[in-house]
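Right, one structure below, let's go through it.
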């Protein structure tokens, strides 16, 4: 459990968030080491997505600290946190539906754009080299996700499974160190889920990523995660290896209720 | 790279041919002075519609204060040429920059608002500008300024319109423009993907205001007089209608919308009693049968004329 500080990529200490009188998260502490694939599970309404929203800056934490890559990011704006190296997908897909598949991915590369607004407005040579580089990189990412042949399609017209994959591709394009996936396999059939998991395992190696994954499919979480955190009613109730979690009475209670 | 450029150059050539044809018609006298005024009015409205489209259609920030930016440009340029003898083109540039500054000033506090709330805030801004002008002695109060040198010629007007369309279109079709479209499509996702949404909203407002201000200056130097009454919220709505009629989110749509409505207005001026009825009826029919505008949101592109469509895979392999 105790890791040397050099290896820790994300360190959350006593993070709380309340909405009015409702405490959505109370004093959650967790850490993720570089290169780990961590699962975050819990019953509906446990605060999993709220935790994601804190980590990515959608809301600032009411109290507590969030350290990403040795830098405090609690309360930073989402676009800054993204640039610090944390990219996410959304539980309810948030693609730019009226833009093409390629443009969706290009958006994530915008932060690395080398050409300024004025070179673009005047179509100076730097605009073309900058845009060309972005297009090239975006196509490379699409190829990895087998979406390259649909680059000209509107994102909103793609199949549900492909939309999920595109969202991951887009998150990856931002060049993150930490990838936060909010139920990436939601609504997929078992075959699609298996393919997706293989893909996630592969990109983790290829891009040297650390991944935090929210998922409801237990077999999936148990199969791929190094460690698992369990949230219930805004509190962390367990953490450990998949085997430990499977046998933890508190977790069983949270999911199935107390024995009569 | 050259493929990316092709549609751009076809557009430029088309514009040059259009200018040449109209110039010939004007010099040979086939088009009279009234026609020239109409053409200039069309160009002013094209500038206004294209710049408003950047704010409303591309960035998705529903603004209805465009006449406010236009009036700032008109007054600033008129004062500069009347009272300070500033050269015309320089006065236009300054008036555009002042309007852009107002765009930023208005943008910072109001862009926290979304949708209807932003619309009302920008409407309020436009009215405040008008009331301030109405009550300022220096700019002539209700009677406004008159005797502004009529220096806006067809050539100058066409040139400024072309620059507006090209610059805004270049902006839209770049990574920076895509950032604006992403804000329209899904602000939360755009921000999560590293787009500084506040900055890009302000940029859109500033750019839109810049060209609206220049358009205001050009119109002041065409029509000799300006007064606060001509920049009321009806003017803002008129510009908005042009954008929506042409197709929200497409530059070509905004151009077509501006041309169609300006021509319609000019033609209907001969029937003052029926004017508003026909105008309203057309808008209603339009929204029923073509709710996405004359050209839809994708618009029309000269790309279709380029022999081979630019495919990113081509440029990668070559």
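Where a number appears in this text, it was derived from the coordinates with a stated rule and is not lab data. Source: prediction; values computed, not measured. No Cβ is skipped: glycine too gets one built from the backbone with ideal geometry, and neighbour counts run over all protein chains shown.
A few remarks follow.
- Point-to-point label distance, residue B:199-residue B:263, nm (Cα→Cβ direction, 7 Å offset): 4.3 nm
- Nearest-ten-degree value, helix A:190-206 long axis tilted from longest Cα axis of chain A: 70 degrees
- DSSP-defined beta bridges in the stretch A:110-260 - what % are antiparallel, rounded to 5: 50 percent
- Counted residue by residue at 0.36 nm each, then reduced by the alpha carbon distance between them, the extension gain from residue B:224 to residue B:142 reaches 28.0 nm.
- Length gained when the stretch residue A:149-residue A:72 is fully extended (0.36 nm per residue, less Cα-Cα span): 23.7 nm
- Based on Cα contacts under 8 Å between residues 6+ apart, chain B shows a relative contact order of 31 percent.
- 222 nm mean residue ellipticity, helices alone, for the protein assembly as shown (DSSP H n ≥ 4; -39,500 (n - 2.57); rounded to 500): -18500 deg cm²/dmol
- In a fully extended conformation the segment linking residue A:80 and residue A:23 would gain 17.9 nm over its present Cα-Cα distance, using 0.36 nm per residue.
- Note on the stretch B:168-306: percent of Cα-Cα distances in each 10 Å bin, starting at 0 and stopping at the bin with the largest distance, equals 10, 31, 34, 19, 5, 0.
- As a length-normalised measure over Cα pairs under 8 Å and 6 or more apart, the relative contact order of chain A settles at 26 percent.
- Three-way shape call for the stretch A:47-112 based on the alpha-carbon gyration tensor, with the a/c threshold at 1.5: oblate
- FRET efficiency for the residue B:287 to residue B:120 pair, using the beta carbon distance and R₀ = 25 Å, is estimated at 0.70.
- Rounded if a/c under 1.5, otherwise prolate or oblate - chain A, Cα gyration tensor axes: prolate
- The shape of the stretch A:1-129 can be summarised by an equivalent ellipsoid whose semi-axes, obtained from the alpha carbon gyration tensor, come to 33, 19, 14 Å from longest to shortest.
- Modelled FRET efficiency - R0 25 Å, residue A:195 with residue A:218, Cβ distances, 0.05 increments: 0.85
- Relative contact order of the stretch B:216-269, taken over Cα pairs closer than 8 Å and 6 or more residues apart, is 20 percent.
- Annotation: the antiparallel percentage among DSSP beta bridges lying fully within chain A is about 55.
- Residue B:188 versus residue B:234: modelled label distance in nm, points set 7 Å from Cα along the beta carbon direction: 4.2 nm
- Whether the stretch B:98-197 is rounded, prolate or oblate, judged on the alpha carbon gyration tensor where a/c under 1.5 counts as rounded: oblate
- Label zone (residue B:34, point 7 Å along Cα-to-C-beta; backbone nitrogen cut-off 20 Å) within the stretch B:141-167: B:154.
- Computed FRET value (nearest 0.05) for residue A:241 with residue A:91, which takes r as the C-beta separation and R₀ as 30 Å: 0.70
- Between the stretch A:60-101 and the stretch A:164-181, the Cα center-to-center distance that results, in Å: 11 Å
- Of all DSSP bridge pairs formed entirely within the protein assembly as shown, close to 60 percent run antiparallel.
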